1. Of all the residues that make up segment 82-118, how many are within 15 Å of Val52 (Cα to Cα), part of a loop (DSSP other than H, G, I, E, B) and under 12 Å from the mean Cα position of the chain (by Cα)?
2. Give segment 75-118 a look and list any residue that's closer than 24 Å to Ile34 by Cβ and among the β-branched types (Val, Ile, Thr), or say none.
3. Check Glu100 against each of (1) in contact with a Cys (Cβ under 7 Å, 6 or more places away or on another chain); (2) exposed (fewer than 14 other Cβ atoms within 10 Å of the Cβ) and name the one condition it does not meet.
4. Could you count how many residues in segment 70-83 are surrounded by 13 or more Cβ atoms within 10 Å (Cβ to Cβ) and either in contact with a helix residue (DSSP H, G or I) (Cβ under 8 Å, 6 or more places away or on another chain) or not polar (S, T, N, Q) (or both)?
5. Just to be sure I understand, how many residues within segment 55-69 are crowded, with 17+ Cβ neighbours inside 10 Å and over 30 Å from Val4 (Cβ atoms)?
6. Pairs needed: first member in segment 64-92, within 20 Å of His116 (Cα to Cα) and in contact (Cβ under 8 Å) with a residue 60 or more places away in the chain; second member anywhere, of a type in the set (Lys, Arg) and surrounded by fewer than 16 Cβ atoms within 10 Å (Cβ to Cβ); C-beta distance under 9 Å; at least 6 residues apart or different chains.
7. Restricting attention to segment 43-54, does a residue exist that is farther than 25 Å from Ile7 by Cβ, of a type in the set (Val, Ile, Thr), in contact with a Lys or Arg (Cβ under 7 Å, 6 or more places away or on another chain) and not in a strand (DSSP E or B)?
8. Restricting the search to segment 15-24, which residues are at pLDDT 95 or above and either within 23 Å of Asn110 (Cβ to Cβ) or assigned to a strand (DSSP E or B) (or both)?
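The values are calculated or read from the model by the stated rules, or taken from the named source; none is laboratory data. Being a predicted model, the structure only gives us computed values, none of them experimental. So basically every Cβ, Gly included, is an ideal-geometry build from the backbone, and we count neighbours across all protein chains shown.
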Amino acid sequence: MPDVKTIAIDSHALPWEERPNERIGRSLYRKNLIEDPETGMEVRLVRYPAGVVNPLHTHPCAHGMYVLEGTLVTHEGRYGPGHFVWFPEGCLMEHGATAERDVTVLFITNKRFEIHYR
């Protein structure tokens with residue numbers, strides 16, 4: 001049996017990484033927690049500042065967002081803390097924060113992440 005170890009990450013100790021997005025003219029923020037180099041699966045914290053919504057786009061991966069703080073605004077509705085929203089691979093979507101407040105989500109992909117705007 002291979003020697004495998006548990007990984008524990010203190011997300012409070014990680015700084016937010018600013019990720020400027022030319023398409024929306026604003027930055028998103030993230031904390032990368034883990035990535036599987038074989039599958040490309042990722043888990044990260046993502047924060048959308050108030051009023052920032054990523055416009056219609058697709059991904060060649062499925063991904064989920066578990067809302068930790070604020071309200072996640074999507075093309076299909078609004079979801080508060082405790083909601084988990086799963087976006088199937090290839091679906092046309094938009095998501096982000098309300099105008100009033102930032103939203104922070106636990107962001108999970110099933111394979112390597114890319115974004116393609118419409």
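1. So the count comes out to 0.
2. If the condition is that a residue be closer than 24 Å to Ile34 by Cβ and among the β-branched types (Val, Ile, Thr), then Val85, Val103, Thr104, Val105, Ile108, Thr109, Ile115 are the ones that fit.
3. Result: Glu100 passes all but (1).
4. Residues meeting the conditions: 7.
5. Within segment 55-69, residues that are crowded, with 17+ Cβ neighbours inside 10 Å and over 30 Å from Val4 (Cβ atoms) number 1.
6. Pairs that qualify, where the first residue is within 20 Å of His116 (Cα to Cα) and in contact (Cβ under 8 Å) with a residue 60 or more places away in the chain and the partner is of a type in the set (Lys, Arg) and surrounded by fewer than 16 Cβ atoms within 10 Å (Cβ to Cβ): there are none.
7. Scanning segment 43-54 turns up at least one residue that is farther than 25 Å from Ile7 by Cβ, of a type in the set (Val, Ile, Thr), in contact with a Lys or Arg (Cβ under 7 Å, 6 or more places away or on another chain) and not in a strand (DSSP E or B).
8. Glu17, Glu18, Arg19, Pro20
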